[in-house]
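Working notes for the structure below.
The values are calculated or read from the model by the stated rules, or taken from the named source; none is laboratory data. Note that the structure is predicted; figures quoted are calculated from it, not measured. Note that we place each Cβ from the backbone using ideal geometry, even for glycine, and neighbour counts take in every protein chain shown.
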Amino acid sequence: MKLKKVNFIMNFVPVRLTTLKSQIPFTFDVYVKLPHKYLLYVRNGDDIENESKKRLRKKKVKKLYIEDKDEQAYQQYLDQCLDSYLDDPNASSEDKANFGAGVAESASDDVFEKPQSEQSYKKAKRASSSLVKMLSSNDEVLKTILSRVEQGQGNELDKLKAHAVNSSSLAIRFGEYMGLGVSELEDLGVAALYHDIGYKELSEAGQSLFFKDIKDADVASLSSYKEHPKKAVELLQDKPFAAENVLDLILTHEEKLQGAGFPQKLQKLSLVQEVHSLCCHYDRKITLLGEDSNSVVENIMVDQLGAYSLEVMKKFKKFITALKTD
Ligand SMILES: [Fe+2]
Ligand SMILES: [Fe+2]
């Protein structure tokens, strides 16, 4: 491998190491970032070797870089990687999960950084449809995604981005378990990546409630917090690329049965709305509040009685319990 010094005028965008697959040749140049320059690392036409990936991982390198003109080519490359994972009977659940999580994490970054851009939405759609395929009837992949190391380390925004990836994966797999169809699962995956983007539009007090039990909150903070589903939809509602079903799921992600949720205090929910609300509720407790899975599932069966239908809650408990024991 020859390292070539690169001109600074080029614009670079990060790509996650976990999304690069060996034996799939790149159709673009890939760079590493050094303190003061980018260096050509793998040339267009070559692929990344597993050994190089391991070496980079050891050095804690998480992202490589491509030129921004090559983004489209990178997206097509991701499709090729996905097909290759799906066709390969020897692909490990870990590799599949790392790839799926990498694509979803990268989409989650874009969704939170540029929530109104069409490019972010396209990335979220691609991530969701990749997750639908990767997670299909595969609890190992879901387990690996949910237990990935270093998730949500960093600031509050990093935690929210991880929560978006987890809720998306969980809603897709639990939705499948509940018998939902592929297009509903894809909508769920996209909506869950966006569901809390309203966070950035709130007062500081409202934002802090994402990470606390809201039972003890004062009125002003709580009323700000309860605006977040509407604020999220306001960011997207005039965008022709945003699907109506997705906007509906974002708006209703804090709704429960019998008027126990917000903002509209709906009395009834469709199955897909209920799956979304329950998965976002469960993962908030784990990823944002730091509770453990067993107590969250037990508490849901008690605290949320009437908030979700009994059948959905029972199946959720069975689903989560099976994830941990098989
Ligand atoms: Fe929320
Ligand atoms: Fe959430």
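Please indicate, with yes or no, whether at least one residue in region 126-145 is in contact with a Leu (Cβ under 8 Å, 6 or more places away or on another chain), aliphatic (A, V, I, L, M) and within 16 Å of ligand 2 (Cβ to nearest atom).
Taking every residue of region 126-145 in turn, none turns out to be in contact with a Leu (Cβ under 8 Å, 6 or more places away or on another chain), aliphatic (A, V, I, L, M) and within 16 Å of ligand 2 (Cβ to nearest atom).
Can you pull out every residue in region 185-229 that is surrounded by fewer than 15 Cβ atoms within 10 Å (Cβ to Cβ), among the β-branched types (Val, Ile, Thr) and more than 15 Å from ligand 1 (Cβ to nearest atom)?
Val219
Starting from residues that are within 14 Å of ligand 2 (Cβ to nearest atom) and without any contact (Cβ under 8 Å) to a residue 60 or more places away in the chain, keep the ones in region 274-290 and report whichever is surrounded by the fewest Cβ atoms within 10 Å (Cβ to Cβ).
Checking each candidate, the answer is Lys285.
Return yes or no: is Asp46 in a loop (DSSP other than H, G, I, E, B), farther than 15 Å from Lys133 by Cα and outside the structural domain of Gly154 (by TED's automatic domain parsing)?
Yes, satisfied.
Name the single residue, out of those in region 157-184 being among the basic types (Lys, Arg) and closer than 21 Å to Leu249 by Cβ, that is farthest from ligand 1 (Cβ to nearest atom).
So, considering only residues that are among the basic types (Lys, Arg) and closer than 21 Å to Leu249 by Cβ, the one farthest from ligand 1 (Cβ to nearest atom) is Arg173.
Can you list residue pairs whose Cβ atoms sit under 8 Å apart, with the first residue in region 248-273 being in a loop (DSSP other than H, G, I, E, B) and the second being among the aromatic types (Phe, Trp, Tyr)? Count only pairs 6 or more apart in sequence or on different chains.
Final answer for the pair search is Glu254/Phe262; Glu255/Phe262; Lys256/Tyr308.
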